[in-house]
Each structure stands twice: as structure tokens, then as C-alpha cells.
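The values are calculated or read from the model by the stated rules, or taken from the named source; none is laboratory data. What you are looking at is a predicted structure, and each value in this text was computed from that prediction instead of being measured. A quick note on method: Cβ atoms are made from the backbone with ideal geometry, for glycine too, and the neighbour counts reach across all protein chains shown. Quick note on the areas: whole protein, heavy atoms, side chains included, nothing else; ligands and nucleic acids left out. Shrake-Rupley method; radii C 1.70, N 1.55, O 1.52, S 1.80 Å.
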Amino acid sequence: MQKLEPNDPCWCGSGKKYKKCHWLQDCELDKYRREGFRILPRTILYSAEEIEKIRAAGALNHAVLDMVQSEIKEGVSTEHLDNLVREFTYDHHAIPACLNYEGFPKSCCISINEVVCHGIPSPDKIIKDGDIVNVDCTTILDGYFGDSSRMYCIGNVAPNAQKLVDVAKECLEIGLKQVKPYGRLNDIGDAIEPYANDNGFSIVRDLCGHGIGKKFHDEPEVVHYAQPRQRGVLMVPGMVFTIEPMVNEGTWKCKFLKDGWTVITADKKLSAQWEHTLVVTENGYEILT
Ligand code: MF3
Ligand code: CO
Ligand code: CO
């Protein structure tokens, strides 16, 4: 790639001169690169106009999860909830990203109790009293993705299950607090894992958060466990990614079922997860979902 001169038009397509646009940021990035940070390609940095579109997709995805909140209860099948998610999404001129994604057959993932993630909605899976249920939805609006999940506690949930759900939510919040421009992406996992461990829980290692925007799953990979000796990826304004820690009651080890999707805990103890999509800003971050 040819080196841009300060008076050339900026690479981002803003039409501004490079020196008045991304020049300072690129100088800053060179400094961090020399310190040993991984600087990811510019293609994963989103402009203000694109972030507006991800924000709109994220807001609709939030509304999908609110709709689920009002419909989920003892006795309903996960298939029924999936139908509601698909219809609601289409009614709002959007597409459920999960449907047919790499062969996934449904419009969202619904993961009950020992299911860690990617549970496939089915007419045979009936929500029951005491269940802890993760519903993970991703919405494509005008070509941009918003990805988020919540836990729903059904009826009388046992204290240990409630604690797991609460700690998993706190893990997401602690991860979010680590997000800042020119920070280490690995600070997220470095903060989350000890917090889960101090509460007697473990962090899943087989599945991660991810870059998102124009694609469903992109760079960077966002691990939720600690990697303190690695500098790793630098967080840069305009980066959009998810944080989605999966927190287990027992071992972090998982089993992948033969349906090709469902992930369960190896010891069949409970698992909980919360997810948001966010953008790194000049001052910190903004949750987009
Ligand atoms: N929404 C999940 C995530 O957080 C991905 C689900 S992919 C599917 O990344 F195909 F299983 F739906
Ligand atoms: Co998701
Ligand atoms: Co995700």
C-alpha cells in the first residue's frame, strides 16, 4: 500500500484531507504497534454513518428481546418463541441473522439450564418452572448486524441458579468497563475470569465474543478468560464487537452435541450468558444493543 501524504484524501472515504481526518489516529496506532500490540486491519473500523446503522439494528434487536420477555413463560415451546422472533423481525423489515446461518435451522438460539449456547428451538422443548433460559438473537437491518442475548428466569428459580444468572450479568458489565480507546482487548477477559472464579464459577473457553457490523462474525476474537501475559489486540475507536461471557456453575469444559450446534456443560451443571454489541468510542464505549 502506498503511504498517504498529509494532504491526500483520507483512506476512510470521508473526503477530508488525511491530515484533518485519520492521520493523528494512524500515528497513534504506529506507536502502539512498536510497543508490540496487534493492530487489526482498518476494514473492521466503522464510520459514524455505519455505526448509526448498527445502532438501528441493535435497537431493533433490543426490541426483539423485550418482546421475548413478554412471551416467555412456563409451558411454551422454544419453537413458539422462535416463530415469534422471526415474525416480529420480518414485521420490522429486518432479517433474523441466525436463520440458515451456516446451516442453523432456526431464527434464534434458545439455551436452557445446562445448555451453554446455540440451543436449537424445537416444539419438544417446553419451558418449565425454575428454568434459566438464554435467548440469543441477532438482527440484520439495512445490511448491518446487532447481536445480543439475555437470561430469562422462569417462575421459582433456585438460589444457586439465580446467583449464576446474576454473576454472568456482572461478568458482562465488568467486561464492558474495560473497553476504552487504545486499551488492551485482553483486559476484558483478564477482568471477567477472576470475578467468576471468586464467585465459585468458571468461564467457558471454547466460545468467544466477536467483531460484528457488516458481517455476523469478524475479527477481533474476544476471549472472556484471562491472558495476562499477552499484549494482544489494541482497541481502536470505531471497532464494533460483542462481549458475551458464558459462565458455568461447575467445570468450564463443554460438550458439542451431534446435532452440530448445541453446546452443553461437560458436567451437566448450569450455564448462563448475557451479550451486548458495542462500539469503541473516543472516550470509552457505547452499547448498541
Ligand atoms: N448469536 C450467536 C453469537 O452470539 C451466534 C449464533 S450462530 C447460530 O455469536 F447459527 F447458532 F445461530
Ligand atoms: Co449472540
Ligand atoms: Co455474538
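Could you please state how large a percent of the accessible area of region 145-247 is carbon and sulfur, counting protein chains only and using a 1.4 Å probe? Ligands and nucleic acids excluded, carbon and sulfur reach 45 percent. Per-residue extension of 0.36 nm, minus the Cα-Cα distance of Q227 and H92, leaves a gain of 44.5 nm for this segment. Estimated from helical segments only, the mean residue ellipticity of the chain at 222 nm is -9500 deg cm²/dmol, where each DSSP H run of four or more residues counts as -39500 (n - 2.57).
Report the extension gain between D30 and C153 in nm, rounded to one decimal, defined as 0.36 nm multiplied by the number of residues separating them, less their alpha carbon distance. Each step should come with its number before you reach the end.
Details: separation 123, 0.36 × 123 = 44.28 nm, distance 4.71 nm.
Value of the extension gain: 39.6 nm.
In a DSSP loop and with at most 11 other Cβ atoms within 10 Å, the GluC sites (Glu not before Pro) in region 18-86 are E35. Under the simplified labelling scheme, the K17-A48 pair shows an inter-label distance of 2.0 nm, with each label point 7 Å from Cα along Cα→Cβ.
Computed with a 1.4 Å probe over protein heavy atoms only, the accessible surface of region 138-193 comes to 35 Å² per residue. For region 41-287, the square roots of the Cα gyration tensor eigenvalues, ordered a ≥ b ≥ c, give a/c of at least 1.5 with a/b no greater than b/c, which places it in the oblate category.
Which value, in debye to the nearest 20, gives the size of the charge dipole of the chain about its Cα centre, when Lys and Arg are +1 and Asp and Glu are -1 at the Cβ? Write down the numbers at each step before the final one.
Working: 33 positive and 42 negative charges, 198 e Å.
My answer is approximately 960 debye.
Does region 107-163 come out rounded, prolate or oblate, given a ≥ b ≥ c as the square roots of the eigenvalues of its C-alpha gyration tensor, rounded meaning a/c under 1.5 and, failing that, prolate meaning a/b above b/c? Each step should come with its number before you reach the end.
On the way: a/c = 2.89, a/b = 1.86, b/c = 1.55.
Taking the square roots of the gyration eigenvalues as a ≥ b ≥ c, region 107-163 is prolate.
Which residue, G284, P237, F256, has the largest displacement toward the positive end of the dipole of region 223-289 when charges sit on each Cβ (Lys, Arg +1; Asp, Glu -1)? Of the listed residues, the answer is F256. Can you bin region 1-78 into rounded, prolate or oblate? Criterion: square roots of the alpha carbon gyration tensor eigenvalues sorted a ≥ b ≥ c, rounded for a/c under 1.5, prolate for a/b above b/c, oblate for the rest. The shape class here is prolate. Projecting label points 7 angstrom from Cα along Cα→Cβ for S77 and D129 puts them 2.3 nm apart. Spatial offset of region 1-73 relative to region 201-271 amounts to 22 Å, using the alpha carbon center of each. Over the chain, Cα pairs under 8 Å with separation of 6+ residues give a relative contact order of 20 percent.
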